[in-house]
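To start, the structure itself, in structure tokens.
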């Protein structure tokens, strides 16, 4: 009995000492889905993996609810986080076609992999203040801007 107690005590001490080493904390990874909608269009199927070694942001798809987007010469899409005083761009894409034959249809909004959130940007900002912005320039140089607030939902939290 004393021998078993001695072995258990030794194991407990060894396990306790093993936990005192300089170990690196596992990063917390969160997976989010996001979408948003206004009268003219909607963004669907957006996904972001935040935290860990490699973050990924996939903008999803832009679906138009109207056919009023013909004759576009320049298109700029942007996902950003805003805290009223500052904006942080996450993903920005531009297309330019001076012929004016570009017809804006339903399209993929791009993807980026790397450090998505900057150190001064809070995760809560991502969860509560993610926006999509679309700037369209037509043949006459007229610019229309559409901003869609994203509804962000946490799907998984690991770590």
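Any read-out appearing in this document is the output of simple, stated calculations on the displayed coordinates, not a laboratory observation. As the structure is a computational prediction, the values presented were derived from the model and not from experiment. Don't worry about glycine lacking a Cβ; one is built from the backbone with ideal geometry, like all the others, and counts go over all protein chains shown.
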Ascending count of other beta-carbon atoms within 10 Å, so fewest first, for 55, 37: 37, 55
Shape call for the stretch 31-158, from the Cα gyration tensor axes a ≥ b ≥ c (a/c under 1.5 means rounded, otherwise prolate when a/b beats b/c, else oblate), comes out prolate
Grab the Cα-Cα distance for residue 113 and residue 39, subtract it from 0.36 nm times how many residues apart they are, and report the gain in nm with one decimal. 23.6 nm
Sequence of 84, 63 once ranked by neighbouring C-beta atoms within 10 Å, starting from the fewest: 84, 63
Quick check on the exposure proxy: order 150, 54, 41 from fewest to most C-beta atoms within 10 angstrom. 54, 41, 150
Taking a label point 7 Å from the Cα of residue 101 along the Cα→Cβ vector, which residues of the stretch 129-159 have an amide N closer than 15 Å to it? none
Could you calculate the FRET efficiency of residue 146 with residue 31 from 1/(1 + (r/R0)^6), where r is the beta carbon distance between them and R0 is 30 Å, rounded to 0.05? 0.65
Would you mind getting me the FRET efficiency between residue 94 and residue 54? Use the beta-carbon distance for r and R0 = 25 Å, nearest 0.05. 0.50
